[in-house]
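What follows is a single structure, written as structure tokens, with notes after it.
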Amino acid sequence: MNDTEPTPPAAASDLSEESVGRVILLTTSHRVAPGLLSWPAWQALHGADEVLCADAAHPQLPYLREAGVRVEQAAPTAQELVDACAGGRTLLVIATAEGDRPLTDGLARLAGSGRIAMPDLELLPASYDLPGARLLDLVQVMDRIRVECPWSSRQTHEGLAKYAIEEAYELVEAIEQGDRDELREELGDVLLQVVFHARIAEEGGPDEDDEPFSVDDVAGGIVDKLVHRHPHVFGDDSALTPEEVKAHWLRTKAEEKQRTSLTEGIPLGQPALALTAKLSSRVRTAGLEVAVPTGEGVGYELLALALRAEAEGVDPEAALRGAARAYRDAVLAAEGAGA
């Protein structure tokens, strides 16, 4: 090789790890409050030679600048980013909400080409979702639907009531059929009813005395109730058996409600067998002696059967529903035989 011939480029393997530099893609969760980042994330932010972000309105930026991190608004291509790492520089890119797919795809193509020396590539999650974080997404989606959807924006508690009943029955059916995919979907539909009603309640009621409340108030109320009714978990009481837990629950519930009758709080609009079972359970738990009404007709016969089932630990509503499904199958079989 003479002196006039160009020197061939060094292979990627010939370049030191320091010379090719480093690219860090920092991801955050919009479900975690801005500024709450992991310690490795803060170290990377302060240690990078340059911090870039394509989104000038990224929610993390005010907190990063307050912490002394200089962030440049830029959306470099994959090649530009690789070139900027020359000499062993470290560049940190704060991912946008869309995930910067063109950039990551471009880096993958360059790395797969084998023609250039690539910097070290690192994906660094700066914050992680906590359990239940997707519920925040549901609340946000419901907020937008309530404002922008012509149908949803006109709904009332009264108009939605029938859907709550329908979804509850569909949930029960999914449980009884043992279909877990269907169960997950129906639980979501029931949850939607709760969030929808809570969103409507934020606007107040028809009367000026109807104070608005939000889904946070709903969640806060049930949290307080659960804590109060589980002193064996959150307090100094103890309960070693399901029976003792039930006794705790009934005692604290009685203290809260201060009811004057066992029948208070039992909705009369529920299915008749379920209504009978609930009344029977209250009476039996209280140790109250009640004469069972007698009379002519199938209604009193069904009443006696339902009371007997509940006393034996059988849910009469579920039992009849199971028998009705068997009857449905018999109908289908008869239709098939006659076809």
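The values are calculated or read from the model by the stated rules, or taken from the named source; none is laboratory data. Every value quoted in this text rests on a predicted model; they were computed, and no experiment measured them. Don't worry about glycine lacking a Cβ; one is built from the backbone with ideal geometry, like all the others, and counts go over all protein chains shown. Note: areas computed on protein heavy atoms with side chains; ligands, DNA, RNA excluded. Shrake-Rupley method; radii C 1.70, N 1.55, O 1.52, S 1.80 Å.
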Completion exercise
The farthest towards the positive end of the charge dipole of the chain, of the residues 269, 151, 135, given +1 on Cβ of Lys and Arg and -1 on Cβ of Asp and Glu, is 269
Completion exercise
By accessible area (1.4 Å), largest first, 27, 252, 156 order as 156, 27, 252
Problem - Cα centre as origin, Lys/Arg/Asp/Glu Cβ charges: segment 74-206 dipole, Debye - result: 700
Problem - Cross-link reach list, lysines versus residue 257, counting only Cα pairs under 25 Å and skipping chain neighbours closer than eight places - result: 225, 246, 278
Completion exercise
For residue 145, the accessible surface traced by a 1.4 Å probe with all protein chains present amounts, in square angstrom to the nearest 10, to 60
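Which shape class, rounded, prolate or oblate, goes with segment 253-316 when its Cα gyration tensor gives a ≥ b ≥ c as root eigenvalues, a/c under 1.5 marks rounded, and past that a/b bigger than b/c marks prolate? Don't skip to the answer; put the middle values down first.
On the way: a/c = 1.86, a/b = 1.75, b/c = 1.06.
In terms of gyration-tensor shape, prolate.
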Problem - Cα long-axis angle, helix 101-113 against the chain (0 to 90 degrees, to the nearest 10) - result: 50
Completion exercise
Distance in nm between residue 318 and residue 275 label points, each 7 Å along Cα→Cβ, equals 2.2
Fill in the blank from the handout: Quick calc, residue 130 & residue 222: beta-carbon distance into FRET formula, R0 22 Å, rounding 0.05, result 0.75
Fill in the blank from the handout: Residue-normalised 222 nm signal for the chain, counting each DSSP H run of n ≥ 4 as -39,500 (n - 2.57), nearest 500 deg cm²/dmol, is -17000 deg cm²/dmol
Problem - Percentage relative contact order, the chain, counting C-alpha pairs under 8 Å, at least six apart - result: 13
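Given Cβ point charges of +1 (Lys, Arg) and -1 (Asp, Glu) and nothing else, what value in debye, to the nearest 20, does the dipole of segment 30-93 about its Cα centre take? List each step's numbers first, then the result.
On the way: 4 positive and 7 negative charges, 50 e Å.
It works out to roughly 240 debye.
Using the Kirkwood radius over Cα pairs, work out the Stokes-Einstein diffusion coefficient for segment 20-108 at 25 °C and 0.890 mPa s, in µm²/s as a whole number. Each step should come with its number before you reach the end.
On the way: Rh = 13.3 Å.
My calculation gives 185 µm²/s for D.
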Practice task
Taking every pair of Cα atoms in segment 150-240, average 1/r, invert it to obtain the Kirkwood radius, and report Rg/Rh to two decimals.
Solution key: 1.09
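Counting only protein chains, not ligands or nucleic acids, how are 325, 115 ordered by accessible area (probe 1.4 Å), most first?
Correct descending sequence by accessible area is 115, 325.
Under 1.5 on a/c is rounded, so check that first for segment 83-160, then, if it is not, pick prolate when a/b is larger than b/c and oblate when it is not; a ≥ b ≥ c are the square roots of the alpha carbon gyration tensor eigenvalues.
prolate
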Handout entry: Charged-residue dipole, Cβ positions (Lys, Arg, Asp, Glu), the chain about Cα centre, Debye nearest 20
Key = 560
Fill in the blank from the handout: Quick calc, residue 163 & residue 329: beta-carbon distance into FRET formula, R0 30 Å, rounding 0.05, result 0.60
Problem - Cα gyration tensor category, rounded, prolate or oblate, for segment 197-320 with a/c compared to 1.5 - result: oblate
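Please express the shape of segment 88-220 as an equivalent ellipsoid: the semi-axes are the square roots of 5 times the eigenvalues of the C-alpha gyration tensor, given largest first in whole angstrom. Mind dumping the intermediate values first?
Values: eigenvalues 393, 90, 37 Å².
They are 44, 21, 14 Å, listed largest first.
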Practice task
Only one of the values (1) 1.18; (2) 1.07; (3) 0.98 was calculated from this structure for Rg/Rh (Cα atoms, Kirkwood Rh); name its label.
Solution key: (1)
Fill in the blank from the handout: Under a 1.4 Å probe, counting only protein heavy atoms, residue 162 has an accessible area in Å², nearest 10, of 110
Practice task
Rank these by accessible area, largest first, 1.4 Å probe: 128, 63, 163.
Solution key: 128, 63, 163
Completion exercise
Once residue 187 and residue 261 are pulled to full extension, the length gained, defined as 0.36 nm per residue separation minus their Cα-Cα distance, is 23.3 nm
